Each structure stands twice: as C-alpha cells, then as structure tokens.
1. Would you mind telling me which numbered condition in (1) surrounded by 14 or more Cβ atoms within 10 Å (Cβ to Cβ); (2) in contact with a strand residue (DSSP E or B) (Cβ under 7 Å, 6 or more places away or on another chain); (3) over 18 Å from residue 105 (Cα atoms) residue 19 fails?
2. With the structure loaded, tell me whether residue 50 is in contact (Cβ under 8 Å) with a residue 12 or more places away in the chain, in contact with a strand residue (DSSP E or B) (Cβ under 8 Å, 6 or more places away or on another chain) and not in a strand (DSSP E or B) or whether it fails that test.
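The values are calculated or read from the model by the stated rules, or taken from the named source; none is laboratory data. Since we're looking at a predicted model, the values are computed, not measured. Quick reminder, even Gly has a Cβ in these numbers, built from the backbone with ideal geometry, and neighbours come from all protein chains shown.
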C-alpha cells in the first residue's frame with residue numbers, strides 16, 4: 001500500500017513551498033491571514049535555520065526560543081525547535097500537519113495532576129477502617 005501524500009487544502013507540500021506570501025495567504029484560514037497581514041515576525045536565528053534548511057543543511061541542534069506565537073509556515077517543515085514551556089524547553093520537530101498553527105500549541109505548559117489514594121477519614125466509607 002502506497003503512503004498517502006500530505007495535502008493542505010488541496011495543495012501538496014512542494015506546491016506550498018513554491019508559493020509566495022500573497023498566494024499562501026489566499027490558502028490559509030482567516031486567523032492566519034490576519035496574522036500574516038500584521039507581518040510574520042520571526043527571530044533571526046529561526047529565519048537563519050529556515051534558510052539553512054532550504055539549502056539542504058542538516059540541523060543537528062534544535063533552535064531554542066521562548067516565543068510560542070510563531071506561526072508555522074510550509075518552509076519551516078522539518079525544522080527542529082526547542083520551545084520554552086515556562087520551566088524547560090520542549091523539543092518539537094515540525095511536521096506538514098502543523099502548518100497554520102502556532103508552535104506553542106504543540107508544547108504543553110501544564111502537567112496533568114496525579115492524585116494518590118484518599119487518606120483515612122477522607123471519605124464516609126473510610127470511617128470504619130482502622131487507623132494504622
């Protein structure tokens with residue numbers, strides 16, 4: 001069985017990478033278009049990593065950033081990033097399915113609480129249990 005080619009709104013990834021910003025804007029949903037109207041402001045080190053990725057360089061170390069509001073564009077696919085979640089840096093490799101989202105959506109900021117067993121006297125049924 002052949003691997004299905006990824007398409008974003010009917011366009012293949014290679015077609016998206018060849019589009020200029022105006023054509024790409026027309027394909028994106030409205031909240032992404034508004035963000036693009038205001039201007040996509042990426043850090044210099046992220047743009048340098050994207051340019052190196054275009055040239056075919058192999059990225060060994062992820063690009064560290066605190067900015068969680070960076071919009072993922074088609075030319076960023078394959079980029080490795082380390083996004084700060086408030087405590088540590090979470091590693092992220094950008095996949096084609098992430099196009100149009102923000103990088104912060106893929107790195108969790110909160111841990112799920114892990115609850116232990118209820119203590120003695122915490123519930124009505126535990127009143128009859130002997131204390132240790």
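1. Of the numbered conditions (1) surrounded by 14 or more Cβ atoms within 10 Å (Cβ to Cβ); (2) in contact with a strand residue (DSSP E or B) (Cβ under 7 Å, 6 or more places away or on another chain); (3) over 18 Å from residue 105 (Cα atoms), the odd one out for residue 19 is (2).
2. no
Quick grid of which residues meet (1) at pLDDT 90 or above; (2) surrounded by fewer than 17 Cβ atoms within 10 Å (Cβ to Cβ):
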position	(1), (2)
30	yes, yes
36	no, yes
39	no, yes
45	no, yes
53	no, no
58	no, yes
66	yes, yes
87	yes, yes
94	yes, no
